[in-house]
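What follows is a short report on a single structure.
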Amino acid sequence: MSDAASPDPAAPRSPVRWLVVGVLMAALMVVTASIYARVEVRRLRDEQVTLTERHRLDTLQLIRIDTNVRTIQDTLRDMTDRSEPYPLSAWQQTFDRLRVDLDQAITRERALAPVARPASQARQLDEAAQRLWEAIARGFAAARAGRDEAARAIFTTDATSRQAELTHQVSQLLIANTRADDEGTARARAVYDAVDRQILWLNVGLVAALLVAGGTVVLAVRRSIIALQQVSAERRALSWRMIRLQEDVQASLARELHDEFGQVLTALGFGLSRTRRHVEQGTTPAPALAGQLAELQDLAKQVLDGIRQRSRALHPVVLDDFGLEHALRSHVELVARQTGLPIAVETTGDFTGLPAETATHLYRILQESLTNVVRHAGASEVAVHATRDATAVTLRVDDDGRGVQDGRATAPGLGLTSMRERAALMGGTFTIGEGPLGGTMVSVRVPVASQ
């Protein structure tokens, strides 16, 4: 063929799909990280609030228990140091009141105790309180029996030691609560650290996604700029070549008008002058005049045929008179007759009503395709197919010649560039490649309104 082939099949695809995927992935990462952070922060908040409130109430109950135990300690000291004039048995009601309050505090504390507290600690607290009240009960039993000294000994030694044991148990529970608070703080810190890491990874992912998307955009823009530069260079070259071609056509037409038609018309003028003199003189026989007029008529017909041929090359009048289908067949017959190359023509559909510009462009594309086949393909068989359906007109020219190599024609030229431009002007597509006959197939598909 005579020019570069159709657009490279390996041309870069549009980056829109990958950009959309990148944006969706970035959005998914943001949503996932946001949901995770929100859930974790809420969980941490609820856990902190619950644990803090529970530990606060439990600590208050432990302080209440410790206060009762210390009150018991002070009461035992006041009762046994002989500073009060009351008998030992008179202190029974005070200890009963303290026992009710202490039991209530222990029961309430057991309900508020941390889940992680070992059950043995609760049992030890209950057992220590039970041993204290048993010692105090023994002391009051001895006092009611009149054994004040034995009762004081019980209160001073046994009850006091049980009270100290209970105080120690309460202190251990307070320490355990403090340790639980520290563990809760550590867990909260761990949650905050996890959220912080997730946010860090989110930022890293977003930066990576932005870099990938940005790189894709930059690459796509770069490719688009290169493609635009190539198209612009091709169109500039095409414009210059079209200008040169126009000048060449005008110069060729001027030479033909001057050299060919001018000479023929000059000869026609001399012949008419000679015939006129013969008619005026009346000496030339009629058969001779008829012969001269026949020669002049042949000259006029030669001029007319030349004008028709040039006008057909400048503008296919057959398109205006008979339509695209007839024009295609007429041109194919002309090429076949001039070159002796067998060309099969097949048309499908109704080609009437096509826009004049569309019909002209398709006709010119057929002309250029057949010219390229004759000049460059070395073909022995050519097939032309024209089809019109509800949405488009398709024109294909297929040959069994040398074909194209690596998607490019064997020789550069104006032809394929012109055909691509014509297809683009019509809003259609132009392709070139290997055809069914084994050579080159040129195909143009142009959208048109329904019939």
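The values are calculated or read from the model by the stated rules, or taken from the named source; none is laboratory data. Quantities reported herein were computed from a predicted structural model and do not represent experimental measurements. Ideal geometry is used to build each Cβ from the backbone, glycine not excepted, and the neighbour counts take in all protein chains shown. For accessibility, only protein heavy atoms count, side chains too; no ligands or nucleic acids. Shrake-Rupley method; radii C 1.70, N 1.55, O 1.52, S 1.80 Å.
Using a Förster radius of 35 Å, what is the FRET efficiency between ALA286 and LEU334 based on their Cβ-Cβ separation? Nearest 0.05, please.
With R0 = 35 Å, the Cβ-Cβ based efficiency is 0.30.
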Just to check I understand the Karplus step: with θ = phi - 60° and J = 6.51 cos²θ - 1.76 cosθ + 1.60, what whole-Hz values come out for segment 378-391, glycine and proline as x?
x, 8, 10, 8, 9, 10, 10, 10, 10, 9, 10, 10, 5, 10
Which whole-number percentage describes the relative contact order of segment 344-388, with Cα contacts under 8 Å and a sequence gap of 6 or more?
83
Between ARG77 and GLU134, what FRET efficiency comes out of the Förster formula 1/(1 + (r/R0)^6) with R0 = 22 Å and r the beta carbon distance, rounded to 0.05?
0.65
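Output the peptides 277-288, 430-441, 329-340 sorted from most to least packed, where packing is the average of other Cβ atoms within 10 Å over each peptide's residues.
Ranking the peptides 277-288, 430-441, 329-340 by packing returns 430-441, 329-340, 277-288.
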Report the paramagnetic label zone for VAL30: residues of segment 184-203 whose backbone N is under 18 Å from a point 7 Å from Cα along the Cα-to-Cβ axis.
198-203
Accessible heavy-atom area order of SER171, SER380, highest first, probe of 1.4 Å
SER380, SER171
Cα centroid separation - segment 164-234 against segment 84-135, whole Å
51
Relative to 2.2 N^0.38 Å, what does the C-alpha radius of gyration of segment 144-237 come to as a ratio? Two decimals please.
3.21
Tell me, what is the FRET efficiency for ALA208 and GLN121 to the nearest 0.05, using R0 = 45 angstrom and their Cβ-Cβ distance as r?
0.30
Just to confirm a number: summing +1 for Lys and Arg and -1 for Asp and Glu over residues other than THR275 whose beta-carbon lies under 15 angstrom from that of THR275, what do you get?
0
Gain on full stretching of the segment that runs from GLN302 to SER171 - 0.36 nm per residue minus C-alpha separation:
34.0 nm
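Could you state the orientation-averaged shadow area of the convex hull built on the Cα atoms of segment 61-138, in nm² to one decimal?
Taking a quarter of the hull surface, the average projection is 5.3 nm².
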Rounded to whole Å², per residue accessible area for segment 64-162 with a 1.4 Å probe reads 54
Using a 1.4 angstrom probe on heavy atoms only, work out the carbon and sulfur share of the accessible area of segment 131-195 in %.
54
